[in-house]
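The values are calculated or read from the model by the stated rules, or taken from the named source; none is laboratory data. Keep in mind it's a predicted model, so treat the numbers as computed, not measured. Ideal geometry is used to build each Cβ from the backbone, glycine not excepted, and the neighbour counts take in all protein chains shown. Areas reflect the complete protein model, heavy atoms only, side chains present, ligands, DNA and RNA absent. Shrake-Rupley method; radii C 1.70, N 1.55, O 1.52, S 1.80 Å.
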Amino acid sequence: MIHSLFIINPSGDVFLEKHWRSVIPRSVCDYYLEAQRASPNDVPPVLAAPHHYLISIQRGGVALVAVSKQEVAPLFVIEFLHRVVDTFQDYFSDCTETIIKENYVVVYELLDEMLDNGFPLATESNILKELIKPPNILRTIANTVTGKSNVSSILPSGQLSNVPWRRSGVKYANNEAYFDVIEEVDAIIDKSGATVSAEIQGYIDCCIKLSGMPDLTLTFVNPRLFDDVSFHPCVRFKRWESERILSFIPPDGNFRLMSYHIGSQSVVAIPIYVRHNLTLRNNGDQGRLDLTVGPKQTMGRTLENVALEICMPKCVLNCSLTANQGKYSYDPVSKVLLWDIGRIELPKLPNIRGSVSVASGADTSGANPSINVHFTIPQLAVSGLRVSRLDMYGAKYKPFKGVKYVTKAGKFHVRM
């Protein structure tokens, strides 16, 4: 049960507050701000004050702090706060202080519908868009002139059914069902190139535009790969447990069907390697940096959007480098070297080398920077996950169907 919600900007000011059961003074946020000052990058998600519990998330440069007067399941509140941010992003394309301030009226209308007396009510995007029309310039002008609001006077049909995520009477001229299988590789690679840890965070995003009330089943070639899964409420969990098949009546439009984790049981393929050599000298002489990047276990696919981000030691003043592909920049204030490579075309491997200016007399003994690697591999799920087939029941037409695979770098670190 949530009593109040506060949205706080990076400078610590509460710029929006919403109360449901009782008005809680905004001074309760001082407990959160104290914790933020103590460790800005690691604020505990749950804070216990003398008379309240504060549960928070940080996204888009703002913090959402939910306040409850009694004990409540923390994950339930955290999931709801993430759903609030996702809804704002769906409505306004982003969730920043400026955008929230520009759409105060719609934000309060959404919060009124999403939470009723402290309990979640309508959190599905399709239902909310039937209740509250997304803002646009013409509607805003018309509402200003006529004094009307965005809130519909008719209750969405899905609210009264046992399939609340899908409205009834959906009709399309072209019926389509598209699935994006997206995998993010989280890995730590040591100096010698050996894998310290590696795991995959994956999710399946859907764009479903089907008429009527279709019933879909999605079958995988190798469903035993999954270590951990999380589903949209439309998925029939008992069918998944018994047959490892996704059976569901889909929401209309875009939604995330499932998220999954692979790591503890499988050997994760590392699709990229970085050969590195950094030499720093104590006597003020120029140091040397040499980096080479190449594909590894990509199943013949091309690495795209490759970029390397290196947080250099504090003793490094500047870098004078030559890259045979892409461009680089070095910020002497933040000490971050960014090398934007782009697409890797074999047999030529991207290389950057040159001199590094080191402050004279600086201690370089403990200078061991790490490389943050970014990349994208289209048409590849690095775990080997494949969709076998998609079947549809309850409708007589034949839809267009498609599956797209993408592998990205998540938290991918190479130690130097």
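Restricting to DSSP loop positions (anything but H, G, I, E, B) with no more than 10 other Cβ atoms inside 10 Å of their own Cβ, which GluC sites (Glu not before Pro) remain in the stretch 20-80?
Details: sites: Glu34, Glu71, Glu79; in loops: Glu71.
Hits after loop and neighbour filter: Glu71.
Round to the nearest 0.05 the FRET efficiency obtained for Leu338 and Lys18 when R0 = 30 Å and r is the Cβ-Cβ distance.
0.15
Lysines within cross-link reach of Lys314: Cα-Cα under 22 Å, excluding same-chain residues under 8 positions apart?
Leaving aside lysines fewer than 8 places away in the same chain, those within reach of Lys314 are Lys191, Lys335.
Mean projection of the alpha-carbon convex hull of the stretch 366-416 over all orientations, in nm²?
Across all orientations, the stretch 366-416 yields a mean hull projection of 5.4 nm².
Only sites in a loop by DSSP and with at most 14 other Cβ atoms within 10 Å count here; which chymotrypsin sites (Phe, Trp or Tyr not before Pro) in the stretch 320-416 make the cut?
Tyr397
Out of the stretch 169-237, which trypsin sites (Lys or Arg not before Pro) are coil in DSSP terms and have no more than 14 other C-beta atoms within 10 Å?
When the trypsin sites (Lys or Arg not before Pro) of the stretch 169-237 are filtered for loop state and at most 14 Cβ neighbours within 10 Å, Lys171, Lys191 remain.
So with the 1.4 Å probe, I'd like the accessible area per residue for the chain, rounded to whole Å².
Numbers: 20950 Å² over 416 residues.
With all protein chains present, the chain gives 50 Å² per residue.
Report the FRET efficiency, 1/(1 + (r/R0)^6), for Arg386 and Cys311, where r is their Cβ-Cβ distance and R0 is 25 Å, rounded to 0.05. All intermediate terms of the calculation are to be shown ahead of the outcome.
Numbers: r = 37 Å, r/R0 = 1.49.
So, using R0 = 25 Å, E works out to roughly 0.10.
Please compute the modelled spin-label separation between Ala323 and Tyr104, points set 7 Å along Cα→Cβ, answer in nm with one decimal.
Rounded to a tenth, the inter-label distance reads 4.5 nm.
From the cross-link list Lys327/Lys348; Lys238/Lys398; Lys296/Lys408; Lys18/Lys101; Lys327/Lys411, which pairs have alpha carbons spaced over 19 Å apart?
Beyond 19 Å: Lys238/Lys398; Lys327/Lys411.
Obtain the nm distance between the two label points defined at Arg256 and Ala395 by a simple spin-label model: each point lies 7 Å from its Cα along the Cα-to-C-beta direction.
Here the modelled spin labels are 2.4 nm apart.
Multiply the residue separation of Glu34 and Lys411 by 0.36 nm, subtract the distance between their alpha-carbon atoms, and state the gained length in nm to one decimal. Please list the in-between numbers first.
Values: separation 377, 0.36 × 377 = 135.72 nm, distance 2.85 nm.
Full extension from Glu34 to Lys411 adds 132.9 nm.
If you wrap the chain's Cα atoms in a convex hull and average its projection over all directions, what's the area in nm²?
25.5
Apply 1/(1 + (r/R0)^6) to the Cβ-Cβ distance of Asn162 and Thr217, taking R0 = 22 Å, and write down the FRET efficiency to the nearest 0.05.
0.70
Run the accessible area of the chain with a 1.4 Å probe and give the carbon-and-sulfur part as a rounded percent.
51
Roughly how much of Lys404 is accessible, in Å² to the nearest 10, using a 1.4 Å probe?
Its heavy atoms expose roughly 90 Å² to the probe.
Just to check I understand the Karplus step: with θ = phi - 60° and J = 6.51 cos²θ - 1.76 cosθ + 1.60, what whole-Hz values come out for the stretch 230-244, glycine and proline as x?
9, 10, 5, x, 6, 6, 7, 5, 5, 5, 5, 4, 8, 10, 6
Charges only on Cβ, +1 for Lys and Arg, -1 for Asp and Glu: so what's the dipole of the stretch 1-128 about the Cα centre, in debye to the nearest 20?
For this selection, approximately 360 debye.
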